[in-house]
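Undergrad: Before anything else, here's the structure in question.
The values are calculated or read from the model by the stated rules, or taken from the named source; none is laboratory data. Since the structure is predicted, the reported quantities are computational estimates derived from the model, not experimental observations. So basically every Cβ, Gly included, is an ideal-geometry build from the backbone, and we count neighbours across all protein chains shown. Just so you know, the surface numbers come from the protein's heavy atoms only, side chains and all, with ligands and any DNA or RNA stripped out. Shrake-Rupley method; radii C 1.70, N 1.55, O 1.52, S 1.80 Å.
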Amino acid sequence: MLGQIMDKQLLISSLLQHADNTSGNREIVTRTAEGPIHRYTYRDAHRRARQLANALRALDVQMGDRIATMAWNTHRHFEVYFAVSGSGAVTHTLNPRLHPSQLTYIMNHAEDAFVFVDANLLPLIESVADALHHLRGVIVMTDRAHMPETALPNILCYEELVAGHSDDFEWPVFDEKTASSLYYTSGTTGNPKGALFSHRSTVIHAYASALPDVLNMGESEVILPVVPMFHVNAWGIPYGATMVGAKMVFPGPKLDGASIHELLVDEGVTFAAGVPTIWLMLLAHWRETQSSAPALKRTVIGGSAGPESMIREFQDDHGVEVRHAWGMTEMSPLGTVSIPKPSMTDDNKRMRKQVKQGRPVFGVEMRIVDDTGTELTHDGDAFGNLEVRGPWIIDNYFKMDQSDSHNAQGWFATGDVATIDPDGYMEITDRSKDVIKSGGEWIGTIEIENLAMSHPDVVQAAVIGVPHPKWDERPLLIIVPATDKSLTHDDMTDFLRNKLTNWWLPDDTVQIDELPLGATGKVLKTRLREQFGDHKLPTV
Ligand code: AMP
């Protein structure tokens, strides 16, 4: 017997419609690419998204067409999200830090018909335009006064395009399983692969992300997604924040500590989300200027492991609660959030949980398995390949009939190696390809990196395996010291000795000026392995 409930489709357009109806006057604030602060409301955004939807129709954009964006977090990018998906087409967000060859590959693979681009990023599109086989036009996201010179044909000005169309537009109703947005993983090897999300997965993910023990989004919050809208839809925050009608603050292209601080203070931001590299810059700014952001209650750190030193500095020095979160492109991206349980009152125990990646958000199932696929126990010690299942996790990559990422029971292999403790908290010990195999045993690099970064004179740290004649591989510690500081291998060994099991201690330490970062701000270990793969360890 079936329940007797209306078969209403979960569509992205309904999020903005709802925000207009129920929180229409709530503000959306942007530091524009042109410079000045722009402010308007959900009602204005909805009106302009409808105008843009009419414009897309006039450009003959059809259901399912891929429409690329290469843009910072701004109100215009927000409008494009809703106009494109709401019309039944698919946004394809492009990361401006991609190498031109990758950009060409993914734009052709996605068959992008149009690209919306910020004026200062237009040169990137110009550099690849000749190699794009499906592109019909380029829309520069600015007004006429700021339109850059370009030799590209079929260039349109965003503000003119919007102004040229009426806001009389009914959002179409279609199957909630329709594709809504596409984002390619910045795979360090091989070609990037596309994760294609649907209206249903996006709306369910928005419900889940707004929950109190997830991102805790509500109308009274002022939310600053520093995480880019070109990286897995800014972790879905533009959808979740719209669902609840929160005030939203978009940082535009300026992501340095001083600029983020200014927005936090001027706009009374209560909740901000970003990767550790962003928070390093903000915390350094706060240290230098002896400042804080009084309204800021919470921050989410994700994308890479949030070190204990960073969590403590936010919480102890600035009164900002840290929520450490884990996820990945293929998961829309939310997987786990680490919040200590109410029963955990001891400060050290709470911290031990916070440095872990946390418990799954309702909807995500999670398990760890060994190389034969046998499930491992949740004792906090056994570590194995992390697998997930759930309604916002891809069941295949875009245009790939088969891939070896899913097993017969539908589990998706994340490529992460993790433990799960008896309280249900998952801790990533490594990417499977970064694990160091020493004498047949695994050494997880993340724990060593986090400990090294808790040294007061270490700004960043990375650990890679280098060849060893007896043990196959041994850990090499690579550090970026604080300005004017220098640390020897003995200094680091003394510091790490009682904190790590002896055989996990790195065999050598090198200092470099900065770590190579990939397009999404993660440390590029492949580059470090190229650079230091031949490093001669002192004991060899
Ligand atoms: P991406 O698909 O580019 O978002 O990258 C996802 C990967 O980033 C995950 O599979 C993890 O390896 C890593 N990652 C994300 N969040 C965390 C975290 N909190 N701690 C450690 N690694 C993380």
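Undergrad: I'd like the full set of residues that are aliphatic (A, V, I, L, M) and open to solvent by 10 Å² or more (accessible area, probe 1.4 Å), limited to region 275-287.
TA: Val275, Ile278, Leu280, Met281, Ala284
Undergrad: Of the residues Gly415, Gly424, which single one is assigned by TED's automatic domain parsing to the domain that holds Glu308, open to solvent by less than 30 Å² (accessible area, probe 1.4 Å) and at pLDDT 95 or above?
TA: Every option except Gly424 fails the conditions.
Undergrad: Might you let me know whether region 314-323 holds any residue that is open to solvent by 10 Å² or more (accessible area, probe 1.4 Å), within 11 Å of the ligand (Cβ to nearest atom) and touching a residue at least 12 places away in the same chain (Cβ under 8 Å)?
TA: Yes, region 314-323 contains a residue that is open to solvent by 10 Å² or more (accessible area, probe 1.4 Å), within 11 Å of the ligand (Cβ to nearest atom) and touching a residue at least 12 places away in the same chain (Cβ under 8 Å).
Undergrad: For region 451-486, how many residues are among the polar types (S, T, N, Q), under 29 Å from the mean Cα position of the chain (by Cα) and at pLDDT 90 or above?
TA: So the answer is 2.
Undergrad: If you go through region 245-265 one residue at a time, how many are closer than 30 Å to His18 by Cα and either in contact with a Cys (Cβ under 6 Å, 6 or more places away or on another chain) or in contact (Cβ under 8 Å) with a residue 60 or more places away in the chain (or both)?
TA: Going through region 245-265 one residue at a time, the tally reaches 10.
Undergrad: Further question on the same structure: Could you look through region 324-350, keep only residues that are closer than 21 Å to Pro212 by Cα and open to solvent by 40 Å² or more (accessible area, probe 1.4 Å), and pick out the one that is nearest to the ligand (Cβ to nearest atom)?
TA: Arg350
Undergrad: Could you check how many residues of region 299-309 are more than 10 Å from the ligand (Cβ to nearest atom) and open to solvent by 10 Å² or more (accessible area, probe 1.4 Å)?
TA: Count: 2.
Undergrad: Going through region 162-214 one residue at a time, which ones are within 15 Å of the ligand (Cβ to nearest atom), under 26 Å from Met70 (Cα atoms) and among the hydrophobic types (A, V, I, L, M, F, W, C)?
TA: Leu182, Ala195, Leu196, Phe197, listed by residue number.
Undergrad: Going by the conditions given, is Pro238 more than 16 Å from the ligand (Cβ to nearest atom), surrounded by fewer than 23 Cβ atoms within 10 Å (Cβ to Cβ) and of a type outside the set (Gly, Ala, Ser)?
TA: In short, no.
Undergrad: Still on this structure, I have one more. Which members of region 253-274 meet the condition of being out of contact with any Leu (no Cβ under 9 Å at 6 or more places or on another chain) and open to solvent by less than 20 Å² (accessible area, probe 1.4 Å)?
TA: Selection gives Ser259 alone.
Undergrad: Let me ask something else. In region 84-129, what residues are among the polar types (S, T, N, Q) and out of contact with any Lys or Arg (no Cβ under 9 Å at 6 or more places or on another chain)?
TA: Scanning region 84-129 gives Ser85, Thr93, Asn95, Ser101, Gln102, Thr104, Asn108, Asn120, Ser127.
Undergrad: State yes or no: is Thr493 more than 16 Å from the ligand (Cβ to nearest atom), open to solvent by 10 Å² or more (accessible area, probe 1.4 Å) and either modelled with pLDDT of 95 or more or not charged (D, E, K, R) (or both)?
TA: Yes, satisfied.
Undergrad: Residues to consider are Lys470, Lys499, Lys485; find the one that is open to solvent by 40 Å² or more (accessible area, probe 1.4 Å), touching a residue at least 40 places away in the same chain (Cβ under 8 Å) and part of a loop (DSSP other than H, G, I, E, B).
TA: Answer to the selection: Lys499.
Undergrad: Do the conditions hold for Met243, that is, is it over 28 Å from Lys353 (Cα atoms), within 16 Å of the ligand (Cβ to nearest atom), touching a His at 6+ places or on another chain (Cβ under 8 Å) and not assigned by TED's automatic domain parsing to the domain that holds Ser332?
TA: The answer is no for Met243.
Undergrad: Free of Cβ contacts under 8 Å to residues at least 24 places away in the same chain and basic (Lys, Arg): does that describe Arg298?
TA: no
Undergrad: Still on this model: Would you confirm whether or not region 370-381 contains a residue that is under 20 Å from the mean Cα position of the chain (by Cα) and either buried (at least 19 other Cβ atoms within 10 Å of the Cβ) or at pLDDT 95 or above (or both)?
TA: no
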